[in-house]
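The values are calculated or read from the model by the stated rules, or taken from the named source; none is laboratory data. This structure is a prediction, so every number in the text was calculated from the model and none was measured. Don't worry about glycine lacking a Cβ; one is built from the backbone with ideal geometry, like all the others, and counts go over all protein chains shown.
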């Protein structure tokens with residue numbers, strides 16, 4: 001109402017807008033987000049388009065203006081868009097063609113709907129639905145991106161395999177798109193060191209760098225494209241502190257990412273749920289081993305953190321010195337004849353150690369004994385002759 005003829009009209013789900021023959025805009029319908037409340041100063045426009053809860057128009061100077069839902073990102077128009085010649089509004093995003101023919105989009109980007117594929121220098125993008133955009137190349141061929149359909153089949157990226165992996169473990173996950181002959185590229189974020197994305201969508205390799213890695217992967221087959229944003233998590237279990245030299249104490253541990261749970265073992269026991277710090281008491285003397293493994297996003301760390309310690313003396317030290325030995329001794333017999341040693345009794349044995357400074361004494365005694373014996377033999381022979 002308010003005009004007799006309209007030269008442009010746009011119909012949304014809950015509201016409608018039109019441009020009269022005098023270039024004045026008019027809107028009617030649901031206005032819960034202000035989508036039919038034309039801002040002051042927007043008296044005449046070239047064209048108008050509507051989304052679900054937003055409305056955009058091109059002013060007479062070529063500058064785009066949007067109003068309605070403030071949470072979608074459509075309104076207000078971000079700086080840098082500049083003058084445009086055409087404009088289209090989707091569910092919660094908008095696209096336009098600048099005066100130089102280059103495309104520009106803004107608003108929500110949860111499905112990659114505003115990420116214009118490379119090489120589209122001069123095209124006319126048109127939001128067509130909730131989460132995707134389509135355009136026509138200069139050669140007349142179509143191209144769509146975001147969450148799209150081809151022959152009635154949804155073009156969405158799926159992930160098979162786990163995107164959470166422990167350090168040094170192979171990732172082995174795949175991206176797949178419901179479109180034929182799709183090629184996959186990384187368009188946002190960065191992959192963990194050591195992990196690669198192949199052209200057919202396979203993630204491979206392993207990483208020793210724990211962390212959270214938000215990435216965006218795009219699949220494209222030349223006609224349509226789809227995008228998936230996700231996070232790759234590389235995690236590790238770490239023992240941070242502990243009194244591991246006594247029979248009782250505590251051990252603290254953590255995981256590099258938020259852990260679902262931990263499992264602990266002590267001296268080969270069965271893994272049991274545990275939390276940090278872990279307490280132990282009454283350990284016997286000897287060697288002991290504690291291990292802990294984190295579970296992150298359902299993935300168990302296959303290489304648990306481990307610490308080993310000894311309580312008391314592992315063994316009793318023994319001396320390597322040889323046992324003392326008794327030195328050899330010599331027994332020197334004294335002659336029984338009173339002439340040899342008068343006044344010293346009938347018989348005597350002298351025991352001396354045959355080592356060190358005592359060695360000369362038994363030698364001298366032996367020589368004396370030999371001389372005394374020779375004298376006795378000589379005296380006995382003289383008695384027989386006489």
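Could you please let me know if residue 181 is more than 20 Å from residue 305 (Cβ to Cβ), modelled with pLDDT under 90 and assigned to a strand (DSSP E or B)?
Answer is no for this residue.
Working only within the stretch 279-289, note down all residues that are assigned to a strand (DSSP E or B) and under 12 Å from residue 312 (Cα atoms).
Within the stretch 279-289, 286, 287, 288 meet the criteria.
Each row is one residue, and each column tells you yes or no for (1) out of contact with any helix residue (DSSP H, G or I) (no Cβ under 6 Å at 6 or more places or on another chain); (2) in contact (Cβ under 8 Å) with a residue 60 or more places away in the chain; (3) surrounded by fewer than 20 Cβ atoms within 10 Å (Cβ to Cβ); (4) not in a strand (DSSP E or B).
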{"position": "230", "(1), (2), (3), (4)": "yes, yes, yes, no"}
{"position": "234", "(1), (2), (3), (4)": "yes, yes, no, no"}
{"position": "252", "(1), (2), (3), (4)": "yes, no, yes, no"}
{"position": "291", "(1), (2), (3), (4)": "yes, no, no, no"}
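Take the conditions modelled with pLDDT under 85, in contact with a strand residue (DSSP E or B) (Cβ under 9 Å, 6 or more places away or on another chain) and either part of a loop (DSSP other than H, G, I, E, B) or surrounded by fewer than 23 Cβ atoms within 10 Å (Cβ to Cβ) (or both) and apply them to residue 75. Does it pass?
Against the criterion (modelled with pLDDT under 85, in contact with a strand residue (DSSP E or B) (Cβ under 9 Å, 6 or more places away or on another chain) and either part of a loop (DSSP other than H, G, I, E, B) or surrounded by fewer than 23 Cβ atoms within 10 Å (Cβ to Cβ) (or both)), residue 75 does not qualify.
Which one of these does residue 7 not meet: (1) surrounded by fewer than 15 Cβ atoms within 10 Å (Cβ to Cβ); (2) assigned to a loop (DSSP other than H, G, I, E, B)?
With (1) surrounded by fewer than 15 Cβ atoms within 10 Å (Cβ to Cβ); (2) assigned to a loop (DSSP other than H, G, I, E, B) applied to residue 7, the lone miss is (2).
Out of the residues in the stretch 84-95 that are in contact with a strand residue (DSSP E or B) (Cβ under 7 Å, 6 or more places away or on another chain) and in a loop (DSSP other than H, G, I, E, B), which is farthest from residue 10 (Cα to Cα)?
92
Give the residue that is farthest from the chain's Cα centre (by Cα), with candidates limited to residues of the stretch 294-311 that are surrounded by 15 or more Cβ atoms within 10 Å (Cβ to Cβ) and over 14 Å from residue 257 (Cβ atoms).
311
Scan (1) out of contact with any strand residue (DSSP E or B) (no Cβ under 6 Å at 6 or more places or on another chain); (2) under 27 Å from residue 108 (Cβ atoms); (3) without any contact (Cβ under 8 Å) to a residue 40 or more places away in the chain for the single condition residue 22 breaks and write down its number.
Checking residue 22 against (1) out of contact with any strand residue (DSSP E or B) (no Cβ under 6 Å at 6 or more places or on another chain); (2) under 27 Å from residue 108 (Cβ atoms); (3) without any contact (Cβ under 8 Å) to a residue 40 or more places away in the chain, the one that fails is (2).
Please count how many residues of the stretch 96-118 are outside any strand (DSSP E or B) and either modelled with pLDDT of 80 or more or in contact with a strand residue (DSSP E or B) (Cβ under 9 Å, 6 or more places away or on another chain) (or both).
Within the stretch 96-118, residues that are outside any strand (DSSP E or B) and either modelled with pLDDT of 80 or more or in contact with a strand residue (DSSP E or B) (Cβ under 9 Å, 6 or more places away or on another chain) (or both) number 14.
Any residue at all in the stretch 233-242 that is closer than 30 Å to residue 145 by Cβ, in contact with a strand residue (DSSP E or B) (Cβ under 9 Å, 6 or more places away or on another chain) and at pLDDT 90 or above?
Checked the stretch 233-242: at least one residue is closer than 30 Å to residue 145 by Cβ, in contact with a strand residue (DSSP E or B) (Cβ under 9 Å, 6 or more places away or on another chain) and at pLDDT 90 or above.
Is one or more of the residues making up the stretch 192-212 modelled with pLDDT of 75 or more, within 19 Å of the chain's Cα centre (by Cα), assigned to a strand (DSSP E or B) and within 16 Å of residue 111 (Cβ to Cβ)?
no
Taking the condition at pLDDT 95 or above and part of a loop (DSSP other than H, G, I, E, B), does residue 276 pass?
yes
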